[in-house]
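Only one structure is covered here, and it is reproduced in the block below.
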Amino acid sequence: MDVSGKKALVIGGTSGIGLATSKRLAALGAEVIAISRNPDKAADALEGVTLMQCDVLDRDALDTLFKSCGPFDILVSAATGGSRARGAFLDMDIEGYKASFAKLWGYANVLQLGTPHLSADGTIVLVSGTPARKPNPGQVAIGSVGAAVEALARAVAQEIAPRRLNVVAPGTIDTPMSALTGTEREEAYRRQTANNLIPRAGSADEVAQGILFVIQNDFVTGTTIDVDGGRLLA
Ligand SMILES: NC(=O)c1ccc[n+]([C@@H]2O[C@H](COP(=O)([O-])OP(=O)(O)OC[C@H]3O[C@@H](n4cnc5c(N)ncnc54)[C@H](OP(=O)(O)O)[C@@H]3O)[C@@H](O)[C@H]2O)c1
């Protein structure tokens, strides 16, 4: 797909990986709409990109948004969706574990309500994460959710073909998702990536490059692309 002139919706496109994706798409000449609950935070970072407000967990609002924006050619969702539980599963508050699936419900809403407005040769990209296939201790919630996202995409890709649906799975990426600052932040990334083949946190733009690859390559669908510094082999 030549993205120039194509209409792209990037949900979660106002921060981190989604923001970097919005920038790359806009730089390549796509008409980009970046969507999140509080999109104004990206006003200075995104030139020539339309910002729209929506919570992916609000189905009515999302349906209205898609109807007002469609038809579109590219649909990316990188929205985290809500909170996620961490720690040992056997000690975990079950409500916290269940709440971690907000990301999956958001993606499910995006797929169900967005696909009808996707052009005949359109493409969708979701973002999972390495813990889907290699959870570290304490990552049972994000691992379960990521695995569900990847399974959902493999199944739905078959329903929507020849329109395409892929997942990009990042490893540890330096984005505003981490609230840590200063040396604490550096130390956390160092610790999390020490055994990786490329022992550092990735950048949001490195993940956006993976997202652009699956958007642009017309022969790629139903798959998950890892952008993780070799974490799966570590
Ligand atoms: N960073 C990492 O190390 C890492 C690793 C593996 C996987 N991932 C995955 O990569 C994706 C992007 O993460 P990131 O690091 O770029 O996070 P981020 O910088 O926190 O960005 C998340 C984006 O999602 C939006 N969002 C969150 N909940 C939303 C909702 N309910 N409705 C609409 N928009 C919502 C946020 O904006 P608002 O707050 O304005 O809504 C923001 O634009 C996530 O799915 C995350 O799980 C990240």
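The values are calculated or read from the model by the stated rules, or taken from the named source; none is laboratory data. Small disclaimer: the values here were computed from a predicted structure and weren't measured. Please note: Cβ atoms are built from the backbone with ideal geometry, for glycine as well, and neighbour counts cover all protein chains shown. Just the protein is used for accessible areas: all its heavy atoms, side chains included, with ligands, DNA and RNA removed. Shrake-Rupley method; radii C 1.70, N 1.55, O 1.52, S 1.80 Å.
Quick notes on this structure:
- Gyration tensor verdict on the stretch 110-234 (Cα atoms; rounded if a/c is under 1.5, prolate if a/b is larger than b/c, oblate otherwise): prolate
- Per-residue 3J(HN,Hα) values for the stretch 161-168, derived from phi via the Karplus relation 6.51 cos²θ - 1.76 cosθ + 1.60 with θ = phi - 60°, read 4, x, 5, 10, 9, 9, 10, 10 Hz in sequence order (x marks Gly and Pro).
- Whole-angstrom gap from the stretch 74-109 to the stretch 170-186, using each part's C-alpha centre: 19 Å
- Solvent-accessible surface of the stretch 30-157, averaged per residue with a 1.4 angstrom probe and all protein chains in place: 45 square angstrom.
- 10 Å beta-carbon shell around Q139, net charge (K/R +1, D/E -1): +3
- Taking the Cα centre of the stretch 1-155 as origin and assigning +1 to Lys and Arg Cβ atoms and -1 to Asp and Glu Cβ atoms, the resulting dipole is close to 380 debye.
- The chain - mean residue ellipticity at 222 nm from DSSP helices (-39,500 (n - 2.57) per run, n ≥ 4, rounded to 500): -12000 deg cm²/dmol
- Protein heavy-atom surface of the stretch 107-148, 1.4 angstrom probe: 61% of the accessible area is carbon and sulfur, with nucleic acids and ligands not counted.
- Accessible surface, the stretch 190-234, averaged per residue in Å² (probe 1.4 Å): 55 Å²
- Sparse-neighbour loop sites [trypsin sites (Lys or Arg not before Pro); the stretch 39-115; at most 15 other C-beta within 10 Å; DSSP]: R86
- Cα long-axis angle, helix 59-69 against the chain (0 to 90 degrees, to the nearest 10): 50 degrees
- Spin-label model, R190 to A27: label points 7 Å out along the Cα-to-beta-carbon direction sit 3.0 nm apart.
- Built amide H within the under 5 Å cut-off of V227, gap 5+: A169, G171
- Model label zone, V220; criterion: amide N under 17 Å from point 7 Å along Cα-to-beta-carbon; scope the stretch 121-140: 122-130
- Cα gyration tensor of the stretch 7-225 - equivalent ellipsoid semi-axes, whole Å, descending: 27, 20, 18
- Surface accessible to a 1.4 Å probe, I94 within the full protein complex, Å²: 90 Å²
- 15 Å beta-carbon shell around L57, net charge (K/R +1, D/E -1): +1
- For the stretch 1-70, the alpha carbon convex hull comes to 83 Å³ per residue, rounded to a whole number.
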